[in-house]
Amino acid sequence: MSDKKKHNNAPANGDQPRFEGEVQNDPTMNLEEATTPASEVQDVERDDSEEAEVADMFKKLQETEKALADKSKDYLFLMADFDNYRKRTVKEKSDIIKNASERILKELLPIVDDFERGLEATKTETDGQQVRQGMELIYNKLVKLLENNGVKPIESTGAEFDADKHDAIATIPAPTDEHKGKVIDTTTKGYTLNDKVLRHAKVVVGEK
């Protein structure tokens, strides 16, 4: 090879020769970009995203805690109101029962007065019919008082035996076929209070 050809391959203006694969110096290239690996840049971006997500979650947690505290406060107020209502209802119920008993007892006092006057009259009364009439008046007044308060006698003698209303204390042979399974005699009257059995009637039942 001649010297002329060697001079033709040399770079012009005294520049150093460039070899394949060599990194060229670019004045516009950022030094940090040239030296920071791409994986580290991605890690920084990921960290920023995670911090934002954590901050958002923390904010939602604070809002949830505040809402829960408000609900707990409302629940405590509601429980306090319910407790006051319960106590008030119990007191009102107690007052109703007390006043009802007081009213009935007050209505009984005139009947007691009648009995006392009747007993006083029997000391000098010799006419048994007059005494009986006085007792009937007092009895009717007492029965009327019971009826006004929902107390009524249970139908028994001659009625079909009903275990829900009658208490059979004895059974006897039925005088006729019509008396079989029916109440033949009532030894103690039964009563209902507002259609609820207050006392069962004690009865004698004809055998079937």
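The values are calculated or read from the model by the stated rules, or taken from the named source; none is laboratory data. Being a predicted model, the structure only gives us computed values, none of them experimental. Because the Cβ atoms are built from the backbone with ideal geometry, glycine has one as well, and the counts that use them run over all protein chains shown.
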Query raised in the report: Is there a residue being exposed (fewer than 10 other Cβ atoms within 10 Å of the Cβ), within 30 Å of residue 150 (Cα to Cα), modelled with pLDDT of 90 or more and of a type in the set (A, V, I, L, M, F, W, C) anywhere in the range 97-108?
Result: no
**Report entry** residue 118 being surrounded by 12 or more Cβ atoms within 10 Å (Cβ to Cβ), closer than 30 Å to residue 100 by Cβ and modelled with pLDDT under 90
**Finding:** yes
Report summary line: Among the residues of the range 169-208, the number that are under 21 Å from residue 144 (Cβ atoms), assigned to a strand (DSSP E or B) and among the charged types (D, E, K, R) is 2
Query raised in the report: Considering the range 185-208 alone, what residues qualify as being within 19 Å of residue 142 (Cα to Cα), under 38 Å from the mean Cα position of the chain (by Cα) and basic (Lys, Arg)?
Result: 199
Query raised in the report: Based on what the data block shows, is residue 134 on the phi > 0 side of the Ramachandran plot and surrounded by 10 or more Cβ atoms within 10 Å (Cβ to Cβ)?
Result: no
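Quick one: is residue 57 modelled with pLDDT of 85 or more and either exposed (fewer than 10 other Cβ atoms within 10 Å of the Cβ) or farther than 30 Å from residue 134 by Cβ (or both)? Break it down stepwise before answering.
On the way: modelled with pLDDT of 85 or more: yes; either exposed (fewer than 10 other Cβ atoms within 10 Å of the Cβ) or farther than 30 Å from residue 134 by Cβ (or both): yes.
Yes: the conditions hold for residue 57.
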Report summary line: Those residues of the range 143-164 which are part of a helix (DSSP H, G or I) and surrounded by 15 or more Cβ atoms within 10 Å (Cβ to Cβ) amount to 145, 146
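Yes/no matrix, rows are residues, columns are (1) outside the structural domain of residue 192 (by TED's automatic domain parsing); (2) among the small types (Gly, Ala, Ser); (3) more than 30 Å from residue 195 (Cα to Cα); (4) in contact with a strand residue (DSSP E or B) (Cβ under 9 Å, 6 or more places away or on another chain):
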| residue | (1), (2), (3), (4) |
| --- | --- |
| 72 | yes, yes, yes, no |
| 85 | yes, no, yes, no |
| 89 | yes, no, no, no |
| 124 | yes, no, yes, no |
| 132 | yes, no, yes, no |
| 140 | yes, no, no, no |
